[in-house]
Amino acid sequence: MFQSKKIQIGNIELGGDSPIVLQSMTSTDTNNIEATVEECIRIFNAGGQMVRITTQSLKEVISLKKIREELHKRNYTQPLVADVHFLPKVAEEAAKIVEKVRINPGNYLERKYEGSLKFSVQEQRLQAGKIRERLVPLIRICMEHNTAIRIGVNHGSLSERMMNWYGDTPQGMVESALEFIRIFDKENFQKLVISIKSSNTRTMVFANRLLMKRMYEEGFSYPVHLGVTEAGDAEDGRIKSTIGIGGLLFDGIGDTIRVSLTEDPEKEIPVAKQIVNTFGNRARTPEYILKQDHFFNPFEYNKRLSLPTESIGGKNVPVVIAGSGNEEPTMEYLSEMGYLTVDKGNIESLPQAANFIFIGNNHSSCELKAPINLISDFNDWREKYSKLKNHFPLIEWKDYGLRINDIFGLNFIAVDVQETPIKFYEIIENDLYASLIIRLSSESTIQHAREFFRKLGKIGCLLPVILYKKFNSKNKEELLIKAATEFGSLLNDGYGDGLWIEDENPEIPDSFIRELSFNILQATGTRITKTEYISCPSCGRTLFKIQDILKKIKDATSEFKGLKIGVMGCIVNGPGEMADADFGYVGAGPGLVTLYKGREAVKKNIPEEKAVEELVMLIRNSTSK
């Protein structure tokens, strides 16, 4: 097992068995001392324990000192972090003032390489030597001033040298971090924190798992900072952040976290608290990640192989089952399930309409003029609906072996994931036309589910599997965080041909739960049902009010289902983090915007007031061809 070492950053402990530290980043202009101080205070008052502040130049270093002094006058002594990207001298000066400095290996020293298209081993060593040469002064200053350093690798800003050797991969991100870690370790500098971030939850999870394995192999045990960059706002931003951060905390990875939302930074802290309260039990990283002796590869995505059963499994996208069985499928209830009544009573499905609706022992009191798929308890189904094409039975596994002759076509076999004796596996071993519904336990959900899939693999069972859990949540946000972490982690591991979420809280409507199911699938990239937005949380480099712009872009582009649109405040990480986006909106200068199609800047320096309209025109012209 792996546990990080404990280090001191200002007046807080980080790593080891210390509580997980919550942090955020200011969105103000650093040179606006008063605004930045006030924002820091709002973050601290919300429960943040550390604040990162943009530090682009020596001018911001001077402002940083004034900000720190003013905060101390007001009895706020929590650590400050200088966020430095391009200029080593800025990092060196900032290290004399604040408790921690963040540097990015992807752009801290290197500039665009002008040599051959492929770096040779000799060129790699030459560049690595230059990096060591420029890092040593920073190391000396940090030792003298007791300043910590965060090595912060961003997926969107890997150096050209690392991209050249490893490509745009988790391995390249990990190697970028390790190159710097080795230099600091050789200089006997121990106050390091490591972060590897991406806007893609799958990439972020796999890269951090690989980082833990590689650090373990090389004898490093530095604390790790977790975050999903450019997660966005509202539910989508929370779901993405939770899937990445919560899933890794469950794996025993992470000592400090930041939830990056395109909202006021103090709003990030309550979400971070909830994630930590639910999943931050400080478990140590398990052996299956450190030694890769598990039944699945934790470092890359491999969808579990299953045979298709009608529309479930195989190469089909994951399905969504909705409903608690307590409601009749009235027209009003069907609207909660994503169906609209159109002319003459006909029914039309929305992109996020439930694929199957569970009605338990209820029956339909209205004529359904569309093939809506319903699921009933087995006895009710056998008595009333066995002849209907779009009505299917839910049967307990203990009854399934006795009643298999009664069932023709698709059926759903329910089993509690913790209660799967040998008899269960004997019953399903040779079945080729059913779908399993595994009821996940309230404790150690992910662990028990992984073990279940391992047993299916041992007997060669290829039946599709629906992930089911009934939660008991205090509110919508608690349900979102729990469901996104547990289901999102399993989907990223390649498990699950569908989702079925319930909650005992009657104040959480079925419509919210249905949309949550689809949004979790969207965040894991397993099923796309709407436009996806990759947007940064804003910082001192942002060149426009990104929250307002994001809302305008969402309102103007929500019709483009399946497209990814990046909304970035500046060029530091923007073009890189949105590299897999179809279109991008990036701040190019005060009042100016550059539009991207894929990785190419196609319209530069557009006045901000015209940029949203130009973006929509670009999308329409590109997608109509």
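Of the listed requirements (1) at pLDDT below 80; (2) crowded, with 17+ Cβ neighbours inside 10 Å, SER376 misses just one: (1).
Scanning the range 518-532 for any residue that is at pLDDT 90 or above, in the same structural domain as GLU478 (by TED's automatic domain parsing), crowded, with 20+ Cβ neighbours inside 10 Å and out of contact with any helix residue (DSSP H, G or I) (no Cβ under 8 Å at 6 or more places or on another chain) turns up at least one such residue.
So, in the range 433-450, of the ones that are among the aliphatic types (A, V, I, L, M) and modelled with pLDDT under 90, which residue ends up farthest from ALA414 (Cα to Cα)?
For the range 433-450, the residue satisfying everything is ILE446.
Conditions (1) touching an Asp or Glu at 6+ places or on another chain (Cβ under 6 Å); (2) part of a helix (DSSP H, G or I); (3) at pLDDT below 90, marked per residue:
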| site | (1), (2), (3) |
| --- | --- |
| ILE395 | no, no, no |
| LYS398 | no, yes, yes |
| THR420 | no, no, yes |
| ASP431 | no, no, yes |
| PHE452 | no, yes, no |
| GLU477 | no, yes, no |
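Out of all the residues in the range 56-79, is one or more under 28 Å from the mean Cα position of the chain (by Cα) and under 25 Å from SER176 (Cα atoms)? Yes.
Within the range 578-592, is there a residue that is of a type in the set (Ser, Thr, Tyr), at pLDDT 85 or above and surrounded by fewer than 24 Cβ atoms within 10 Å (Cβ to Cβ)? For the range 578-592, residues of a type in the set (Ser, Thr, Tyr), at pLDDT 85 or above and surrounded by fewer than 24 Cβ atoms within 10 Å (Cβ to Cβ): absent. If you go through the range 214-246 and pick out every residue that is buried (at least 24 other Cβ atoms within 10 Å of the Cβ), assigned to a helix (DSSP H, G or I) and modelled with pLDDT of 90 or more, you end up with 9. Quick one: in the range 400-418, which of the residues that are within 25 Å of ILE446 (Cβ to Cβ) and part of a loop (DSSP other than H, G, I, E, B) is modelled with the lowest pLDDT? So, considering only residues that are within 25 Å of ILE446 (Cβ to Cβ) and part of a loop (DSSP other than H, G, I, E, B), the one modelled with the lowest pLDDT is GLN418. Does ILE347 satisfy the criteria of being farther than 26 Å from GLU419 by Cα and either at pLDDT 85 or above or of a type in the set (Val, Ile, Thr) (or both)? Spelling it out, ILE347 is indeed farther than 26 Å from GLU419 by Cα and either at pLDDT 85 or above or of a type in the set (Val, Ile, Thr) (or both).
In this structure, does GLY152 turn out to be touching an Asp or Glu at 6+ places or on another chain (Cβ under 9 Å) and in the same structural domain as VAL101 (by TED's automatic domain parsing)? Against the criterion (touching an Asp or Glu at 6+ places or on another chain (Cβ under 9 Å) and in the same structural domain as VAL101 (by TED's automatic domain parsing)), GLY152 qualifies.
Yes/no matrix, rows are residues, columns are (1) buried (at least 22 other Cβ atoms within 10 Å of the Cβ); (2) touching a residue at least 40 places away in the same chain (Cβ under 8 Å):
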position: SER24; (1), (2): yes, yes
position: GLU34; (1), (2): no, no
position: ASN45; (1), (2): no, yes
position: LEU64; (1), (2): yes, no
position: LEU80; (1), (2): yes, yes
position: PRO88; (1), (2): no, yes
position: ALA94; (1), (2): yes, no
position: ARG102; (1), (2): yes, yes
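Looking at ILE466, ILE446 in this structure, which one is surrounded by 17 or more Cβ atoms within 10 Å (Cβ to Cβ) and either touching a strand residue (DSSP E or B) at 6+ places or on another chain (Cβ under 6 Å) or assigned to a loop (DSSP other than H, G, I, E, B) (or both)? ILE466 is the lone residue from the list that is surrounded by 17 or more Cβ atoms within 10 Å (Cβ to Cβ) and either touching a strand residue (DSSP E or B) at 6+ places or on another chain (Cβ under 6 Å) or assigned to a loop (DSSP other than H, G, I, E, B) (or both). Test GLU13 against the criterion of being outside any strand (DSSP E or B), without any contact (Cβ under 8 Å) to a residue 24 or more places away in the chain and surrounded by fewer than 18 Cβ atoms within 10 Å (Cβ to Cβ), and give yes or no. For GLU13, the condition - outside any strand (DSSP E or B), without any contact (Cβ under 8 Å) to a residue 24 or more places away in the chain and surrounded by fewer than 18 Cβ atoms within 10 Å (Cβ to Cβ) - is not met. Only one of the listed residues (LYS469, LYS482, LYS476) is closer than 25 Å to LYS561 by Cβ and of a type in the set (Lys, Arg). That residue is LYS476.
The values are calculated or read from the model by the stated rules, or taken from the named source; none is laboratory data. What you see is a predicted model, and the numbers here were worked out from it, not measured in a lab. Reconstructed Cβ throughout: ideal geometry from the backbone, glycine too, with neighbour counts over all protein chains shown.
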